[in-house]
Amino acid sequence: MSATWMGRYEELIRELVRHTNIVLKGSQIKRDLAGKGVLFTPQAWQIMEYIIENSPDESNMSQIADTLQIPQSSFSRIVKYLEREGIVDRYHRTSNRKNVILKPTDLAMEIYNKNTDEIKDANFQRFFDALSEIDDDTLNTFVAALRIHNEDLMRYDDVDTSNPLVKIE
C-alpha cells in the first residue's frame, strides 16, 4: 500500500525514517576510540567534535545543547562524563560565572585527530561518493529542505504535554 500523501517523496521519506531508526538503534553503542578506556557514544563524539570545531566561538553549554538538539539533562550528563575522562574542561568568565564554556583538552584533540579519517571512511565516504554527482546548488537546496523539515519536527518539542489544561467545571 502506498502512502499517497507523500507523493513523489515517498522513497525519500521512507529512507529518512529508516535512517532515524538506524541512528537511534546505534545511539547507545559505546566505543573506545582512543584505546585508553574512554568510551564514546555517538552523542559524546558529536559533543566533543562540536567543542573542538567551534572552540574559538566560546559557546556556552546551553547554546551547544540547543544547537545540537540534545536535551539539557542528557547534554549535562555527557559533558560531566567527558570532563571526568579528561576530554573537556569547563571555564567561565569572571564577569559571568553562570555561562559555562567548554574547551577541548589535548587528549580530546589526540582522539579526534586519530579517529576522524576512520569514522569518515567507515560511516560517510560511500554517502559522500553517492552525492558527488550533484552540483552545489542542488546540495544546498536539499540541505535547506532538510533544515526546514527539522524545524517543523522541533515544533513538537514546544508543546508542554506534562502540564495539560484542565477545564474548570
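Points worth noting:
- Checked against (1) surrounded by fewer than 17 Cβ atoms within 10 Å (Cβ to Cβ); (2) over 22 Å from L33 (Cα atoms), S76 passes all but condition (2).
- The set of residues in region 75-93 that are within 19 Å of D57 (Cβ to Cβ) and of a type in the set (S, T, Y) contains only Y91.
- Residue list for region 17-35, restricted to those being farther than 18 Å from I70 by Cβ and in contact (Cβ under 8 Å) with a residue 12 or more places away in the chain: L33, A34
- One residue from I101, I64 being of a type in the set (V, I, T), on the phi < 0 side of the Ramachandran plot and touching a Ser or Thr at 6+ places or on another chain (Cβ under 8 Å): I101
- The residue list I111, I101 contains one member that is among the hydrophobic types (A, V, I, L, M, F, W, C), touching a residue at least 40 places away in the same chain (Cβ under 8 Å) and in a helix (DSSP H, G or I), which is I111.
- Screening the candidates F128, F124 for the property of being among the aromatic types (F, W, Y) and surrounded by fewer than 10 Cβ atoms within 10 Å (Cβ to Cβ) yields one hit, F128.
- Considering region 1-12, the residues that are part of a helix (DSSP H, G or I) and of a type in the set (S, T, Y) include one that is nearest to the chain's Cα centre (by Cα), namely Y9.
- Checking every residue in region 24-31 against the condition of being of a type in the set (D, E, K, R), surrounded by fewer than 11 Cβ atoms within 10 Å (Cβ to Cβ) and within 20 Å of I119 (Cβ to Cβ) gives at least one match.
- Test: residue in region 70-88 that is more than 22 Å from Q28 (Cβ to Cβ) and either within 16 Å of the chain's Cα centre (by Cα) or part of a strand (DSSP E or B) (or both): no
- Checked against (1) under 30 Å from I111 (Cα atoms); (2) assigned to a helix (DSSP H, G or I), E15 passes all but condition (1).
- Search result, residues across region 18-60 that are β-branched (V, I, T), farther than 19 Å from K80 by Cβ and assigned to a helix (DSSP H, G or I): T20, I22, V23
- Checklist (1) of a type outside the set (A, V, I, L, M, F, W, C); (2) in contact with a helix residue (DSSP H, G or I) (Cβ under 9 Å, 6 or more places away or on another chain); (3) not in a helix (DSSP H, G or I) applied to T116, failing item: (3)
- The residues of region 123-155 that are among the hydrophobic types (A, V, I, L, M, F, W, C), modelled with pLDDT of 90 or more and either over 17 Å from the mean Cα position of the chain (by Cα) or under 30 Å from L33 (Cβ atoms) (or both), listed by number, are F124, F127, F128, A130, L131, I134, L139, F142, V143, A144, A145, L146.
The values are calculated or read from the model by the stated rules, or taken from the named source; none is laboratory data. Quick caveat: nothing in here was measured; it's all calculated off a predicted structure. Neighbour counts run over all protein chains shown; Cβ positions are idealised from the backbone, glycine included.
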